[in-house]
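Trainee: Sending over a structure as structure tokens; questions will come in a sec.
The values are calculated or read from the model by the stated rules, or taken from the named source; none is laboratory data. The structure displayed is predicted, hence computed values, not measured ones. Counting neighbours? That spans all protein chains shown, and the Cβs are built from the backbone with ideal geometry, glycine included. We work out accessible area using only protein heavy atoms, side chains counted, and drop any ligands, DNA or RNA first. Shrake-Rupley method; radii C 1.70, N 1.55, O 1.52, S 1.80 Å.
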Amino acid sequence: MGETFYITTPIYYPNDKLHIGHSYTTVAADALARYKRLRGFDVMYLTGTDEHGQKIQTRAKEANQPPIEFLNDIIAWIKDLWTRLDISYDDFIRTTEERHKSVVAKLFDRLVKQGDIYLGTYEGWYCTPCESFWNERDLVSGKCPDCGRDVSFVKEESYFFRMSKYVDRLLQYYDEHPDFILPESRKAEMVNNFIKPGLQDLCVSRTSFDWGIHVPEHPEHVVYVWLDALTNYITAIGYDSPDENEREKFERYWPADVHFVGKDIMRFHVIYWPIILMALGLPLPKRVYGHGFFMMKDGKMSKSKGNVIDPKLLINRYGSDAIRYFLLREIPFGQDGVFTPEALVQRLNFDLANDLGNLVHRTAAMLHRFAGGVVPQKSAYDPVDEALVGLANAVVNDFATHMDEMQFSVALTDVWRLVRQTNKYIDETAPWALNKAQNTDRLNTVLYTMVGAIRIIAVLLLPAIPRAAAAIVEQYSFKPAETTWDSLFDYEAFAAGQTVEQGQPLFPRLEVEKEIEELMNLTHVGSAIAPSVEPQGEAPKQPTETASSREETSMIDIDTFHQVELRVGLIEAADKVEKADKLLRLQVNLGEETRQIVSGIAAFYQPQDLVGKKIIVVANLKPAKLRGVESQGMLLAASHGDAVHVIEAPADMPPGAVVS
Ligand code: MSP
């Protein structure tokens with residue numbers, strides 16, 4: 001077994017669906033895990049869920065469910081998300097699992113016995129959404145300084161962790177390990193904002209709710225959620241487990257090579273977590289990388305603003321590779337960036353469909369046209385070939401440097417230097433002209449050199465866009481030995497002579513403006529049924545959304561439901577919307593009026609088949625324009641996998657009848 005590499009994501013709060021911002025950390029960690037595996041490391045990639053605390057208890061109560069049942073549904077949704085995004089985690093820890101709970105209870109007890117944790121009384125402020133304690137001086141206009149929401153004053157008996165005792169050792173660790181806090185710019189913020197003003201002892205238990213791990217000696221106390229959560233990084237890999245194999249695993253992987261976290265939870269990871277580990281006598285993680293935030297135009301994503309983007313919706317429409325590429329490429333890791341439909345569509349179109357997709361497709365097409373679909377042997381290189389080979393070598397080295405530095409966006413830019421240069425090489429060497437001139441030797445060398453570049457590009461893309469990269473490897477029949485990391489250092493490390501499939505384009509080319517408009521409707525309005533745009537090649541093999549996966553959406557009360565006005569409508573006319581191949585325009589009789597409704601069901605129904613059907617219409621939806629045509633309502637339809645069926649009302653109900 002090779003050298004180990006242990007990488008973690010934060011464990012997510014399963015109080016709600018995860019959004020695209022959460023997927024960001026997990027995709028980045030996945031790309032790094034895959035890269036390290038490619039380089040021969042024995043990787044342990046851990047993710048999971050942080051399931052205790054007041055917030056979860058309250059949400060479960062609102063949903064009228066026992067907490068664990070409430071959680072199970074959301075965890076199923078989260079795991080399904082990771083499957084769809086091709087996340088190759090090695091383990092998924094839930095803090096409600098016995099392997100975690102028993103170790104945390106024991107560890108708490110030990111820290112009490114050795115005097116690092118003591119009993120006292122906490123008086124101060126608490127932010128439940130962040131599960132964070134705050135001093136009066138930390139609050140900003142009386143609100144939580146992290147999330148800006150209301151805080152509540154709490155006074156309760158609590159256990160405290162003697163953080164202050166370890167501060168000097170912590171600062172010394174920072175000095176001796178300049179790579180511990182990454183990007184480096186975050187270090188000053190941690191020291192100046194949290195350590196210099198005087199690190200206070202941390203309150204580590206709560207008594208005002210009971211959904212958590214109970215302190216063995218004092219069961220009315222539950223372990224404070226952050227102490228519970230942080231320890232997942234060691235309990236998951238067998239710390240203090242009764243099972244010897246598990247304990248060996250811990251010896252093997254600890255300390256972690258890197259914890260990936262968002263910048264908002266950096267202080268828990270670079271201050272409290274190292275101190276807890278010091279108290280336990282364990283080595284500290286090598287690095288903590290605090291990445292930036294994916295924002296929306298109107299600021300931070302939040303449920304209350306209604307500006308969160310459901311990653312499943314994007315994956316269904318574009319496939320997982322497209323979303324992974326966008327997340328990794330669009331924003332330099334460490335910085336904040338804004339999500340816009342324009343940026344997404346342009347990245348997919350220009351980088352994936354035009355540059356990469358086109359290169360792979362045109363090369364295969366030329367191999368078929370000029371060489372019977374078989375990669376020919378090369379003769380001597382010309383300077384133009386040597387230049388491409390030289391660039392490929394440089395790109396492999398740059399890519400490795402940037403991946404090691406966790407600069408995913410730069411590493412992808414490196415690969416695209418080779419993608420673009422290979423396209424240019426083809427334009428310059430003009431294989432079609434060589435073919436016409438029957439200059440077979442030269443033609444063969446050029447075709448060989450093109451395939452050589454594609455091999456290197458495909459291997460370098462395995463970590464970021466694993467499906468498309470594996471599809472290229474398959475299409476070009478590269479053998480396992482030709483797709484190893486070491487093989488990248490020899491341009492000619494593949495035996496010519498293999499047959500290449502003609503294949504289909506890897507990524508669909510999108511009509512930019514139309515797609516942006518649809519994406520906006522889909523993400524913000526969601527009023528039209530928008531069938532997925534499937535790549536013309538292999539459709540993304542994504543599991544379909546299950547009923548249980550939807551159950552975790554916030555429950556609504558009956559009054560909210562009654563705000564939706566549902567009525568029976570009779571379709572009196574239907575036609576296609578010009579230049580919009582997915583949309584139908586329907587004239588629907590609602591009793592006292594006729595409404596025009598535009599619906600994205602053209603792929604499933606012929607206009608004439610709909611006329612005369614009685615359907616159910618959302619009658620009080622704000623009008624919206626779809627491809628320039630006004631839609632004055634929405635019809636209900638059921639969808640499952642690729643099938644969509646309009647819901648029909650009973651035949652004896654007149655148009656306008658209320659549905660409730
Ligand atoms: N449960 C804690 C973490 C415990 S780790 C021992 C938690 N959970 S969370 O679900 O609220 O957030 C998880 C991660 O998602 C955090 O790293 C947070 O920074 C990240 N993100 C949440 N929204 C984000 C964006 N909009 N953009 C990028 N990352 C974001 O905190």
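Trainee: Which residues, taken from the range 263-297, are over 18 Å from residue 240 (Cα atoms), touching a residue at least 60 places away in the same chain (Cβ under 8 Å), open to solvent by 10 Å² or more (accessible area, probe 1.4 Å) and away from the ligand (no atom under 12 Å from the Cβ)?
Mentor: Once the filter is applied, which keeps residues that are over 18 Å from residue 240 (Cα atoms), touching a residue at least 60 places away in the same chain (Cβ under 8 Å), open to solvent by 10 Å² or more (accessible area, probe 1.4 Å) and away from the ligand (no atom under 12 Å from the Cβ), the range 263-297 yields 286, 287.
Trainee: Testing residue 371 on (1) under 20 Å from residue 490 (Cβ atoms); (2) in contact (Cβ under 8 Å) with a residue 60 or more places away in the chain, one condition comes back false. Which one is that?
Mentor: (1)
Trainee: With the range 1-112 as the region, which strands (runs of 3 or more DSSP E) entirely inside it contain at least 1 residues that are touching a Pro at 6+ places or on another chain (Cβ under 7 Å) and either hydroxyl-bearing (Ser, Thr, Tyr) or within 11 Å of the ligand (Cβ to nearest atom) (or both)? Working first, answer last.
Mentor: On the way: elements: 4-12, 42-49, 91-94.
By residue number, 42-49.
Trainee: Report whether or not residue 497 is assigned by TED's automatic domain parsing to the domain that holds residue 409 and surrounded by 15 or more Cβ atoms within 10 Å (Cβ to Cβ).
Mentor: no
Trainee: Pick out the one residue from 306, 319 that is under 24 Å from residue 78 (Cα atoms), among the small types (Gly, Ala, Ser) and open to solvent by 10 Å² or more (accessible area, probe 1.4 Å).
Mentor: Being under 24 Å from residue 78 (Cα atoms), among the small types (Gly, Ala, Ser) and open to solvent by 10 Å² or more (accessible area, probe 1.4 Å) holds for just one of 306, 319, which is 306.
Trainee: Would the range 602-612 turn up any residue that is part of a strand (DSSP E or B) and either surrounded by fewer than 17 Cβ atoms within 10 Å (Cβ to Cβ) or at negative phi (or both)?
Mentor: The initial filter retains those residues of the range 602-612 that are part of a strand (DSSP E or B), namely none.
Taking every residue of the range 602-612 in turn, none turns out to be part of a strand (DSSP E or B) and either surrounded by fewer than 17 Cβ atoms within 10 Å (Cβ to Cβ) or at negative phi (or both).
Trainee: Which residue, of 96, 121, is farther than 26 Å from residue 63 by Cβ, out of contact with any Ser or Thr (no Cβ under 6 Å at 6 or more places or on another chain) and without any contact (Cβ under 8 Å) to a residue 60 or more places away in the chain? Show your work before the answer.
Mentor: Values: 96 fails: farther than 26 Å from residue 63 by Cβ.
Exactly one of 96, 121 is farther than 26 Å from residue 63 by Cβ, out of contact with any Ser or Thr (no Cβ under 6 Å at 6 or more places or on another chain) and without any contact (Cβ under 8 Å) to a residue 60 or more places away in the chain, namely 121.
Trainee: Within the range 322-339, take every residue that is in contact (Cβ under 8 Å) with a residue 24 or more places away in the chain and in a helix (DSSP H, G or I) and give me the one that is surrounded by the most Cβ atoms within 10 Å (Cβ to Cβ). So that I can check it myself, show each step before the final result.
Mentor: Of the residues in the range 322-339, the ones in contact (Cβ under 8 Å) with a residue 24 or more places away in the chain are 322-325, 327-339.
Of the ones still in play, those that are also in a helix (DSSP H, G or I) are 322-325, 327-330.
Details: 322: 27, 323: 25, 324: 27, 325: 26, 327: 29, 328: 21, 329: 22, 330: 19.
This residue is 327.
Trainee: Within the range 235-242, is there a residue that is open to solvent by 20 Å² or more (accessible area, probe 1.4 Å) and within 16 Å of the ligand (Cβ to nearest atom)?
Mentor: yes
Trainee: Name every residue in the range 402-435 that is under 24 Å from residue 371 (Cβ atoms) and open to solvent by less than 10 Å² (accessible area, probe 1.4 Å), in order of residue number.
Mentor: 418, 419, 422, 425, 426, 431
Trainee: Determine the pairs where a residue that is over 30 Å from residue 214 (Cβ atoms), located within the range 159-178, has a partner that is open to solvent by 40 Å² or more (accessible area, probe 1.4 Å) with Cβ atoms under 7 Å apart, the partner being 6 or more residues away or on another chain.
Mentor: Short answer, once both residue conditions are applied: 174/187.
Trainee: Quick one: count up the residues across the range 445-483 that are surrounded by fewer than 17 Cβ atoms within 10 Å (Cβ to Cβ) and either over 25 Å from residue 352 (Cβ atoms) or among the small types (Gly, Ala, Ser) (or both).
Mentor: Residues that pass the stated criteria total 5.
Trainee: Now a separate question. Which condition from (1) open to solvent by less than 10 Å² (accessible area, probe 1.4 Å); (2) aliphatic (A, V, I, L, M); (3) under 32 Å from the mean Cα position of the chain (by Cα) is the one that residue 597 breaks?
Mentor: Going through the list (1) open to solvent by less than 10 Å² (accessible area, probe 1.4 Å); (2) aliphatic (A, V, I, L, M); (3) under 32 Å from the mean Cα position of the chain (by Cα), residue 597 breaks only (3).
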